[in-house]
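Novice: This is the structure, below, for whatever I ask next.
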Amino acid sequence: MATIELRQVEKRFGDLQAVKPMDLTIHDGEFVVLLGPSGCGKTTTLRMISGLETVTGGTILLDGRNVTWLHPSERDIAFVFQFFALYPHMTVRQNIAFPLQAQGESHEAIEKRVDEVVELLEIGHLLDMRPGKLSGGDQQRVALARALVRRPAAFLMDEPLGALDADFRETMRAEIKRLHIVQNATTVYVTHDQVEAMAMADRIVVMSEAEIQQVGTPAEVYHKPANLFVARFIGSPGMNLVRGHYADGVVHMPGADNHYSVPPDWRRVLDETFGGEGEVIVGFRPEAAIVSDEGTLAGQVYASDLHGAYTMLHVNMNEHDIIHIRSDRLVLHPIGTPVRFDINPEMVRFFDPRTEKAISREVGQ
Amino acid sequence: MSSVKQATATGADTRLQSHRHLSDRAIQNIFIWPTLILLIAFNVFPLFYSLYLGFTDYSAIARQAPVWVGFENFRSILNDEQLWEYFATTGRYAVASVGLQTLLGFGLAMLVREKFKGSGVITTLILVPMMISPVVVGLFWKLMYNPTFGYFNYLLGFTNPATAPDWLGSRWGGQAVPGLALWAVVIVDVWMWSPFVMLLVLSGLNAIPEYLYEAAVIDRASSWFQFWRITLPQVAPLLLIAILFRTIEAFKSFDLVMGMTGGGPGTQTELIAVNLYRQAFLGQWRTGRSSALAYIILIIIIAVSNLYIKYLNQMRGEG
């Protein structure tokens, strides 16, 4: 088991900065998800940790050992590829045994270890088949077995569920999570699917534009996004973000009669930030909006979708902003009717449009 | 003016009309029959006629009709120890030449696969020997092998013709070295056809996905282990096809040897195809007997090819 430490690690391909210098520490036994849209540098980061990609600058430490310039085979890590990368000309058994054979282990030791891993992943019935004949899920199980068999210090997974059917992903997600709990191995997992990230991660590293946007637990990333990108990217739909003018404890939003009274504990912070008044972005999750006739904010129902347990209302606050409100499924809101709502004062967030960063209530941040 | 236009227009119309009268089937026939007739005249007829001649006593230059002799030709060929000697020479030649081509071709493919500055040009240059006519190759290698002024020996470091090997004469420093001439022919065949093996292996190598090697590196496989467990099995089907082609060609090998040694010295490079030519078109023109011999060679080649194909299918079935 291992701690992975990145210090100012960066990657350039010619003029393209694929990963800007980043610092990140992944603790022993932790499940860390690198999350971000495609092209944000998350896979490159993972490949640099593995050694499949060399770094342009910075240092990578594995359990305090500097592995920056070591060959992948000298790093004691396993890598699970998006498209499995199984050896097509070998049987499942030969695939799983490959890492052990490459190390020249004895026949008995290999057999014993393969059997253990096969039992753990429940793939005993596949052993004599070739990868080409297996379903995507089974191929991924074999790929996981091949990664597990050597007992590596850390697992790196590059969108391991990306190539699977949607309904099968949930099953495999649970399996990978279970494996992580059983093995308690340090795992770095790359995905662009925020649902996957929320479900699996101990900590999420949100990346965009070649740099880290936020590092935090799923709850932190969801409830306290560090900036506008994270607020929009996490959640489906993302956080509602409405621009308005702040003055004297009230945010005036476009649209008739939209005056939002800032909760008292935020007033001081906003006064300090804007020196009395200024442009601000109010952010709130769909479930933070409370529909009520006494609500201080207003809009018109633009559309409403029934999601089974709840209804998602899409409300037109003004010509720019359509916001999303999670409302009771039993109350009907026909399209075009006016609707009033409040924001749960515990769940409101404020962003500074100049820096695009979240405004923090906590002192010293 | 307008009437001329009219006439042209109607002319074009009638031509179009006449095309329309040709049914699809008629057009098919126009295209197919000339080819078919050529094929029948120059391939199918000779094939069956030579099979018939194989059972006759016949010489193409004698004023005498073929005389049916049954299996006599085949019996005499299979009992002819001299001919078995030629078959053995051909076998040795095929094993040596195909074996070396495979090794060299594979090696070249592994080299050229690495992209380096000028690798494209080098690949093209390597392919040149394959594109030259075998007779031309035979003739200029005859010059290169010449013990007095050929530069093959010079390149090997032999500068004194008296002590240098006379490749095509199977002599070295005044001593007879049997087999030297056969090796000389093997060297030329390897020079000429290794690029062919290289080409097929190269396409096989390029088809191996990069992620297999990435997975292998992660799995801590050494380069050597990767070669034996990934590269070789992945390329094997194409390599086998290359070997199959070259084996068939080696058994039929004629033009190169004829151009270089004509079977000599003595019968040291008398490959079976060379002997076939000798029996058929030189001296007595033993058309009947040589037809029978040609069929025996054909049967051997089919048998050998079938072994390969069986193995190939087995490998594919597993894959």
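Novice: Among the helices (runs of 4 or more DSSP H) confined wholly to the range B:172-291, which include 1 or more residues that are of a type in the set (A, V, I, L, M)?
Specialist: Numbers: elements: B:180-206, B:210-218, B:223-226, B:232-252, B:255-260, B:272-281.
In the range B:172-291, B:180-206, B:210-218, B:232-252, B:255-260, B:272-281 are the helices (runs of 4 or more DSSP H) which contain 1 or more residues that are of a type in the set (A, V, I, L, M).
Novice: Return yes or no: is residue A:343 of a type in the set (Val, Ile, Thr), out of contact with any Asp or Glu (no Cβ under 8 Å at 6 or more places or on another chain) and open to solvent by 30 Å² or more (accessible area, probe 1.4 Å)?
Specialist: Details: of a type in the set (Val, Ile, Thr): yes; out of contact with any Asp or Glu (no Cβ under 8 Å at 6 or more places or on another chain): yes; open to solvent by 30 Å² or more (accessible area, probe 1.4 Å): no.
The answer is no for residue A:343.
Novice: In addition: If I ask for residues that are in contact (Cβ under 8 Å) with a residue 60 or more places away in the chain, aliphatic (A, V, I, L, M) and in contact with a His (Cβ under 9 Å, 6 or more places away or on another chain), which ones from the range A:326-365 would you list?
Specialist: The answer is A:347, and nothing else.
Novice: Oh, and also: Is the range B:50-66 home to any residue that is open to solvent by 50 Å² or more (accessible area, probe 1.4 Å), free of Cβ contacts under 8 Å to residues at least 12 places away in the same chain, outside the structural domain of residue B:278 (by TED's automatic domain parsing) and closer than 19 Å to residue B:294 by Cα?
Specialist: No: the range B:50-66 contains no residue that is open to solvent by 50 Å² or more (accessible area, probe 1.4 Å), free of Cβ contacts under 8 Å to residues at least 12 places away in the same chain, outside the structural domain of residue B:278 (by TED's automatic domain parsing) and closer than 19 Å to residue B:294 by Cα.
Novice: Another question, if that's okay. Given the conditions (1) touching a Pro at 6+ places or on another chain (Cβ under 9 Å); (2) open to solvent by less than 70 Å² (accessible area, probe 1.4 Å), which single one is not true for residue B:87?
Specialist: Only one criterion in (1) touching a Pro at 6+ places or on another chain (Cβ under 9 Å); (2) open to solvent by less than 70 Å² (accessible area, probe 1.4 Å) is unmet by residue B:87, namely (1).
Novice: Then there's this: Within the range A:1-18, restricting attention to residues that are open to solvent by 20 Å² or more (accessible area, probe 1.4 Å) and not in a strand (DSSP E or B), which residue is modelled with the lowest pLDDT? Outline the logic, then answer.
Specialist: Kept after step one, since they are open to solvent by 20 Å² or more (accessible area, probe 1.4 Å), are these residues of the range A:1-18: A:1, A:3, A:5, A:7-8, A:10, A:12-17.
Checking which are not in a strand (DSSP E or B) leaves us with A:1, A:3, A:14-15.
Numbers: A:1: 65, A:3: 93, A:14: 89, A:15: 90.
Step by step, filter the range A:1-18, then rank; the result is A:1.
Novice: Here is a follow-up. Of the residues A:113, A:130, which single one is modelled with pLDDT of 90 or more, surrounded by 14 or more Cβ atoms within 10 Å (Cβ to Cβ), within 14 Å of another protein chain (Cβ to nearest Cβ) and more than 21 Å from residue A:176 (Cβ to Cβ)? Can you show your working first?
Specialist: On the way: A:113 fails: more than 21 Å from residue A:176 (Cβ to Cβ).
Step by step, each of A:113, A:130 is checked, and only A:130 is modelled with pLDDT of 90 or more, surrounded by 14 or more Cβ atoms within 10 Å (Cβ to Cβ), within 14 Å of another protein chain (Cβ to nearest Cβ) and more than 21 Å from residue A:176 (Cβ to Cβ).
Novice: Take residue A:351 and tell me if it is within 29 Å of the chain's Cα centre (by Cα), crowded, with 16+ Cβ neighbours inside 10 Å and at negative phi.
Specialist: yes
Novice: I would also like to ask the following. Can you tell me which residues in the range A:85-99 are more than 9 Å from every other protein chain (Cβ to nearest Cβ) and within 14 Å of residue A:148 (Cβ to Cβ)?
Specialist: The answer is A:92, A:95, A:96, A:97.
Novice: Filter the range A:32-49 down to the residues that are without any contact (Cβ under 8 Å) to a residue 60 or more places away in the chain and closer than 16 Å to residue A:155 by Cβ and list them by number. Step through it out loud before you land on a result.
Specialist: Start the filter on the range A:32-49 by keeping residues that are without any contact (Cβ under 8 Å) to a residue 60 or more places away in the chain, which leaves A:39, A:44, A:48.
Correct list: A:48 only.
Novice: A further question follows. Considering only the range A:58-109, how many residues are within 25 Å of the chain's Cα centre (by Cα) and surrounded by fewer than 16 Cβ atoms within 10 Å (Cβ to Cβ)?
Specialist: Number satisfying all stated conditions: 2.
Novice: Taking strands (runs of 3 or more DSSP E) that do not extend beyond the range A:284-365, which have at least 3 residues that are among the hydrophobic types (A, V, I, L, M, F, W, C)?
Specialist: Numbers: elements: A:289-291, A:297-306, A:311-316, A:322-327, A:338-343, A:349-352.
Hits in the range A:284-365: A:289-291, A:297-306, A:311-316, A:322-327, A:338-343.
The values are calculated or read from the model by the stated rules, or taken from the named source; none is laboratory data. These numbers come from a predicted model, not from an experiment. Neighbour counts are summed over all protein chains in view; Cβ atoms, including those assigned to glycine, are modelled from backbone coordinates with ideal geometry. All accessible areas refer to the heavy atoms of the entire protein, side chains included, with ligands and DNA or RNA removed. Shrake-Rupley method; radii C 1.70, N 1.55, O 1.52, S 1.80 Å.
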